[in-house]
Every structure is written in structure tokens, then in C-alpha cells.
1. Among (1) in contact with a Cys (Cβ under 6 Å, 6 or more places away or on another chain); (2) modelled with pLDDT under 90, which single condition is SER80 missing?
2. Is there a residue being closer than 21 Å to LYS97 by Cα, of a type in the set (D, E, K, R), out of contact with any Gly (no Cβ under 8 Å at 6 or more places or on another chain) and at pLDDT below 85 anywhere in the range 41-51?
3. Could you check the range 23-54 and list, in sequence order, the residues that are under 19 Å from SER85 (Cα atoms) and either charged (D, E, K, R) or part of a loop (DSSP other than H, G, I, E, B) (or both)?
4. Quick check on the range 57-101: of everything there that is in contact (Cβ under 8 Å) with a residue 60 or more places away in the chain and within 11 Å of the chain's Cα centre (by Cα), which residue is surrounded by the most Cβ atoms within 10 Å (Cβ to Cβ)?
5. Do you know which residues across the range 29-56 are surrounded by 17 or more Cβ atoms within 10 Å (Cβ to Cβ) and either small (Gly, Ala, Ser) or more than 15 Å from the chain's Cα centre (by Cα) (or both)?
6. Could you say whether any residue in the range 64-77 is among the acidic types (Asp, Glu) and more than 23 Å from PRO96 (Cα to Cα)?
Amino acid sequence: MVLRRAAVTGDCPKKVAALVDLVNLPTVLREFAGGQSQMSHLSFFLRVWSHIKSNNLQDPTNRNIVNCDDKLKTVLLGRSKVELSELPLLVKMHFPKVPKS
């Protein structure tokens, strides 16, 4: 809902568009995404988050830390533990910058 409201009101349409526009995924991300060749930044991030939740990868003592399995390590630059605050930045690194116009 927040994305839709920002797009309608015109607060930051270019930033919202960068999150929801389809981009071609690199090979590493395609394997993680189940073979899809195109996906938006936001939908890929949601796929990473659902993988973390479905495989119970959050540290039981500190829920702000994710213990990466082998599949997740390919996306998160080979790191074995990642803080939740770092997660969006690590996913964003795989997506190309949108040129300013």
C-alpha cells in the first residue's frame, strides 16, 4: 500500500519505479529465483525474505541476525551471517543503477 500511495501522490515516483521495474537478473540471481530471467528489485527482496523465513534462518537468540545457508550465501556475497539492516543493501548491489534523466 505504501508504494501505491507514494506513486499516486508523486512523492518520489522515480524511486518507486526503480523498485518495481523488471530487470534482467544475473545468472546467480536467476538460480536463486527459480530460473526466472526478469524480476523487480522489490519482488526479489521479498523472495529472499521468504527464503529466510521458510528455512528458519534467523538466529534464535538474536532475531536481527540471519544465518545464511549455501543458497543464500550466493546472493549475499558469500557471507555466513548478515544483520537484517544490511540485507537490503546486499540485495541492491546485484541490481544496476537507474541512470538519472
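1. Here SER80 clears every test but (2).
2. No: the range 41-51 contains no residue that is closer than 21 Å to LYS97 by Cα, of a type in the set (D, E, K, R), out of contact with any Gly (no Cβ under 8 Å at 6 or more places or on another chain) and at pLDDT below 85.
3. ARG47, LYS53
4. Per the criteria, the residue is PHE95.
5. Within the range 29-56, just ALA33 meets the criteria.
6. Yes, the range 64-77 contains a residue that is among the acidic types (Asp, Glu) and more than 23 Å from PRO96 (Cα to Cα).
The values are calculated or read from the model by the stated rules, or taken from the named source; none is laboratory data. Small disclaimer: the values here were computed from a predicted structure and weren't measured. Backbone-built Cβ (ideal geometry, glycine too); neighbour counts: all protein chains shown.
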